[in-house]
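The values are calculated or read from the model by the stated rules, or taken from the named source; none is laboratory data. As the structure is a computational prediction, the values presented were derived from the model and not from experiment. Every residue, glycine as well, gets a Cβ built from its backbone with ideal geometry; the counts of neighbours run over all protein chains shown.
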């Protein structure tokens, strides 16, 4: 799970544009709270019509379209229409619905999953889909020759797959894998045509073949990727609104790296849908009836700041609490992000499975209380308005990147008012991540796209000190809760354990949550029914149609 | 002449070798591990990382890695891109036509506009036409291409709707990028043509030509301009390199295919084989163009010979 989600959050950096360095932030998105935001329908629902094309302005380009190989979110945005997955996650309630698997059973010990597969499904090359195809796809990911990074992480402790009969496959794991369905619902674990893989070898990622509603047509590097409707498609998942072939004749993904240009193409109809709309343009698009915003809510770690509990002076609980209670997230969102986001309250976004509402009442914004905490910890007023203790000034090192400069500046100003001196270190991404992982800072910001609450383990399990446990917390009780939750197939039990971890993180003031991530896209008004998936980051185009 | 060309081509070899060593060491000195990027930036197990580094050949000492690269490159094999896993040469060749088209169109525009402005300014020295031409030239020199490109998109693609904002294919999609790219170079050329022209117009043979009763137009374009163009050819050659580099920004703003964009993406990914391939390729092109420029002198000025 780890690299996977993390990498998806990192956008494909093939552009000079500011957003290339968004790092862990806006990269991807998920849409559980789709109800509130997604596809603002104007009065009167439209009847779907067949035909037309979607011209989808992407900011970055996939590296390749082999699900076993690529780690990038942008690749998923294309692959998800070419490959089908065993199951689909319903953004309405986060439950899993049938896909290529009609039904499934999880062994009580969580060590194996048995899938009953749909009949009559064909790959785009005409070969039939069956249990052997599933085994082939997963074995290929596990094969070291494939050099899989992300898909292998989603597959987790895979031990192998058995073809029980033509339509039944059993997937086995070395240890219980509670999160497997989450992985299996992503196109990175999509089922590939064994015949096509054998035929194309290394070039499979350039000419992908799956069972999905769209067939790969052509890819002109640094220009566009075209998919065409699969006329034989009769196996849509019940998460969708219709059955049979997709409505659109084709989908053309145009790669337009520059934000302003991408927006211009939406306005002059060179595209009719674009991703990554800059925050400052949202209000204008929202007010213009020619367009509609499509917003995906992203589960996982909200954008926020970790506090290093092992380095002075943030090793003191009072100092950490003072920081959490002395910072106003409302002001940050308003000043830096044009009020585009909702405030976050804990280490999971409110649309993530196992979100614990109790975190909302912990650490309320209260500057007077923050000052009091600092006084109590012995930090008294000093020269130049910076507090001191034992002759040492209250200094905090904040590791971040150029992209988050605005955020860093406002945090710096707000903490200055409390008598803390923030020293920002804006670093290039690889260096930034390495520095924070080594714990050479007091503060470091991060965000992480994940639909599986197991993501909490990255930040709070002691085995990940030196990796993404940036608060450097070592607590045997928390480790045990995380381990138990990861191995448990009982959803309620997992929710309870992850809920306790969230409370722990906020009571210990290890993370200052700022805002819940959103994926801002915009469509021309004639485009209907584009729905973000459960990760908010990926857009379903199977039900999409174009009027006029 | 042929001997001269041969000598020049041989002299290019150490230049290219130097470039390849420089790029190779720069890439390896910069922080960031391509193996880690491939596996995802999240922390990977040390074993996975070591395995991939071995598979990619990054475990060998630097000079061994360089020798391997050079050996393959000399036999025409630039390797496979780490990210797309395509052949580097295929990647470059796929993007080349777009960059060449844009560079040539930009250069043609720069030369035509630059020479016209420069000559007009020189022949109307001190008049309002001179001031206007030089103001236009100054605009070209000082406006950032990035900003100019977005402004052109705003007016011609959005407000007027005359031209498409992005993409490949057809003259219509080439106009705005070529204008953006060529305008800056046009400014440089215009200023140079003006001063060079003013100098030439003062030389005695021009006076002679005038005293023979030749039409002023003929004096300026047949006699003076040809001599005034020699320094211009030098600068055109240099500008070609600048334009080749300048395409990165244009390709990004106008979402065009091209080598520049490919290179920036490759650098950010630490896609070593791709970066090395592109730089080597571009350096060769640059060396070649400068040779052509030197040969071009002989064509404009019969006094210059390469024996």
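Looking at B:67, B:60, which one is farther than 24 Å from residue B:257 by Cβ and under 30 Å from the mean Cα position of the chain (by Cα)?
Details: B:60 fails: under 30 Å from the mean Cα position of the chain (by Cα).
Only one candidate qualifies: B:67.
When you scan region B:222-244, do you find a residue that is surrounded by fewer than 22 Cβ atoms within 10 Å (Cβ to Cβ), within 14 Å of another protein chain (Cβ to nearest Cβ) and either in contact (Cβ under 8 Å) with a residue 60 or more places away in the chain or assigned to a helix (DSSP H, G or I) (or both), even just one?
no
Across region A:226-262, what is the number of residues that are under 23 Å from the mean Cα position of the chain (by Cα) and within 14 Å of chain B (Cβ to nearest Cβ)?
8
For region A:413-444: of the residues being part of a loop (DSSP other than H, G, I, E, B) and within 14 Å of chain B (Cβ to nearest Cβ), which is modelled with the highest pLDDT? Walk me through how you get there before you give the answer.
Taking region A:413-444 as the starting set, the residues that turn out to be part of a loop (DSSP other than H, G, I, E, B) are A:418-420, A:427-428, A:438-442.
Restricting the remaining residues to those that are within 14 Å of chain B (Cβ to nearest Cβ) gives A:427-428, A:438-439.
Numbers: A:427: 85, A:428: 76, A:438: 87, A:439: 91.
In this case the residue turns out to be A:439.
Report yes if residue A:269 is in contact with a helix residue (DSSP H, G or I) (Cβ under 6 Å, 6 or more places away or on another chain) and either on the phi > 0 side of the Ramachandran plot or not assigned by TED's automatic domain parsing to the domain that holds residue A:362 (or both), otherwise no. Talk me through it step by step, then tell me what you get.
Working: in contact with a helix residue (DSSP H, G or I) (Cβ under 6 Å, 6 or more places away or on another chain): no; either on the phi > 0 side of the Ramachandran plot or not assigned by TED's automatic domain parsing to the domain that holds residue A:362 (or both): yes.
No.
Residues checked against (1) surrounded by 14 or more Cβ atoms within 10 Å (Cβ to Cβ); (2) at pLDDT below 90:
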site: B:117; (1), (2): yes, no
site: B:123; (1), (2): yes, yes
site: B:128; (1), (2): no, no
site: B:151; (1), (2): no, no
site: B:154; (1), (2): yes, no
site: B:159; (1), (2): no, yes
site: B:163; (1), (2): yes, yes
site: B:185; (1), (2): yes, yes
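Just to be sure I understand, how many residues within region A:461-484 are on the phi < 0 side of the Ramachandran plot, away from every other protein chain (no Cβ under 12 Å) and either touching a strand residue (DSSP E or B) at 6+ places or on another chain (Cβ under 9 Å) or assigned to a loop (DSSP other than H, G, I, E, B) (or both)?
Quick first cut of region A:461-484, residues on the phi < 0 side of the Ramachandran plot only: A:461-465, A:467-471, A:473-484.
So of that shortlist, the ones also away from every other protein chain (no Cβ under 12 Å) come out as A:461-462, A:471, A:473-484.
In the following step, the residues that additionally are either touching a strand residue (DSSP E or B) at 6+ places or on another chain (Cβ under 9 Å) or assigned to a loop (DSSP other than H, G, I, E, B) (or both) were identified as A:461, A:471, A:473-475.
Looking only at that region, the number is 5.
Considering every residue within region A:487-494, establish whether at least one is modelled with pLDDT of 90 or more, in a helix (DSSP H, G or I) and either surrounded by fewer than 22 Cβ atoms within 10 Å (Cβ to Cβ) or within 14 Å of chain B (Cβ to nearest Cβ) (or both).
If we filter region A:487-494 for residues that are modelled with pLDDT of 90 or more, which is where we start, we get A:492-494.
From what is left, the residues that are in a helix (DSSP H, G or I) are A:492-494.
Within this subset, residues satisfying the condition of being either surrounded by fewer than 22 Cβ atoms within 10 Å (Cβ to Cβ) or within 14 Å of chain B (Cβ to nearest Cβ) (or both) are A:492-493.
Yes: region A:487-494 contains one or more residues that are modelled with pLDDT of 90 or more, in a helix (DSSP H, G or I) and either surrounded by fewer than 22 Cβ atoms within 10 Å (Cβ to Cβ) or within 14 Å of chain B (Cβ to nearest Cβ) (or both).
So, in region A:337-384, how many residues would count as being under 24 Å from residue A:412 (Cβ atoms) and touching a strand residue (DSSP E or B) at 6+ places or on another chain (Cβ under 9 Å)?
19
From the list A:457, A:499, A:447, pick out the single residue that is within 16 Å of residue A:301 (Cβ to Cβ), outside any strand (DSSP E or B) and within 19 Å of the chain's Cα centre (by Cα). Break it down into steps so the answer makes sense when it comes.
Details: A:499 fails: within 19 Å of the chain's Cα centre (by Cα); A:447 fails: outside any strand (DSSP E or B).
The conditions single out A:457.
I'm checking my understanding of the structure. Among residues of region A:222-269 that are in contact with a strand residue (DSSP E or B) (Cβ under 7 Å, 6 or more places away or on another chain), assigned to a loop (DSSP other than H, G, I, E, B) and under 30 Å from residue B:162 (Cβ atoms), which one is modelled with the lowest pLDDT?
A:222
State all residues of region A:198-221 that are within 14 Å of chain B (Cβ to nearest Cβ) and in a helix (DSSP H, G or I); if no residue qualifies, say none. Break it down stepwise before answering.
Here is the first cut: in region A:198-221, the residues within 14 Å of chain B (Cβ to nearest Cβ) are A:200-208, A:218-221.
Listed by number, the residues that qualify are A:200, A:201, A:202, A:203, A:204, A:205, A:206.
Would you say residue A:293 is part of a strand (DSSP E or B) and surrounded by fewer than 22 Cβ atoms within 10 Å (Cβ to Cβ)? Walk me through it before giving the result.
On the way: part of a strand (DSSP E or B): yes; surrounded by fewer than 22 Cβ atoms within 10 Å (Cβ to Cβ): yes.
Taking the combined requirement at face value, the residue satisfies it.
For region B:259-272, name all the residues that are assigned to a helix (DSSP H, G or I) and within 9 Å of chain A (Cβ to nearest Cβ).
Residues of region B:259-272 that are assigned to a helix (DSSP H, G or I), as a first pass: B:259-269, B:272.
Result: B:261, B:262, B:264, B:265, B:266, B:268, B:269.
Rundown of residues vs (1) buried (at least 20 other Cβ atoms within 10 Å of the Cβ); (2) in contact with a strand residue (DSSP E or B) (Cβ under 8 Å, 6 or more places away or on another chain); (3) part of a strand (DSSP E or B), yes/no style:
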residue: A:85; (1), (2), (3): yes, no, no
residue: A:102; (1), (2), (3): no, yes, yes
residue: A:105; (1), (2), (3): no, yes, yes
residue: A:139; (1), (2), (3): no, yes, no
residue: A:159; (1), (2), (3): no, yes, yes
residue: A:170; (1), (2), (3): no, yes, yes
residue: A:192; (1), (2), (3): yes, no, no
residue: A:195; (1), (2), (3): no, no, no
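For the list (1) surrounded by fewer than 21 Cβ atoms within 10 Å (Cβ to Cβ); (2) in contact (Cβ under 8 Å) with a residue 60 or more places away in the chain, I need the number of the one condition that residue B:98 fails.
(1)
Considering (1) buried (at least 20 other Cβ atoms within 10 Å of the Cβ); (2) touching a strand residue (DSSP E or B) at 6+ places or on another chain (Cβ under 8 Å); (3) away from chain B (no Cβ under 14 Å), say which one residue A:449 fails and leave the rest.
Evaluating residue A:449 over (1) buried (at least 20 other Cβ atoms within 10 Å of the Cβ); (2) touching a strand residue (DSSP E or B) at 6+ places or on another chain (Cβ under 8 Å); (3) away from chain B (no Cβ under 14 Å) leaves (3) as the failure.
Given the conditions (1) touching a residue at least 12 places away in the same chain (Cβ under 8 Å); (2) within 14 Å of chain A (Cβ to nearest Cβ); (3) part of a helix (DSSP H, G or I), and given that residue B:256 satisfies all but one, which numbered condition is not satisfied?
Residue B:256 satisfies every listed condition except (3).
How about region B:130-145: which of its residues are within 14 Å of chain A (Cβ to nearest Cβ) and either under 14 Å from residue A:267 (Cβ atoms) or buried (at least 16 other Cβ atoms within 10 Å of the Cβ) (or both)?
If we filter region B:130-145 for residues that are within 14 Å of chain A (Cβ to nearest Cβ), which is where we start, we get B:144-145.
Hit for region B:130-145 is B:145, nothing else.
Take the conditions touching a helix residue (DSSP H, G or I) at 6+ places or on another chain (Cβ under 8 Å), more than 14 Å from chain B (Cβ to nearest Cβ) and either surrounded by fewer than 18 Cβ atoms within 10 Å (Cβ to Cβ) or closer than 30 Å to residue A:92 by Cα (or both) and apply them to residue A:166. Does it pass? Spell out how you get there, then give the answer.
Working: touching a helix residue (DSSP H, G or I) at 6+ places or on another chain (Cβ under 8 Å): yes; more than 14 Å from chain B (Cβ to nearest Cβ): yes; either surrounded by fewer than 18 Cβ atoms within 10 Å (Cβ to Cβ) or closer than 30 Å to residue A:92 by Cα (or both): yes.
Yes; evaluated as a whole, the condition is true for this residue.
Applying the selection to region A:520-540, what residues are surrounded by 24 or more Cβ atoms within 10 Å (Cβ to Cβ) and outside any strand (DSSP E or B)?
The answer is A:533, A:534, A:535, A:537, A:538.
Does residue B:140 fit the bill of being in contact (Cβ under 8 Å) with a residue 60 or more places away in the chain and part of a helix (DSSP H, G or I)?
Values: in contact (Cβ under 8 Å) with a residue 60 or more places away in the chain: no; part of a helix (DSSP H, G or I): yes.
No: the conditions fail for residue B:140.
Among the numbered criteria (1) under 30 Å from residue A:248 (Cβ atoms); (2) in a helix (DSSP H, G or I), which one does residue A:152 miss?
Failed condition: (1).
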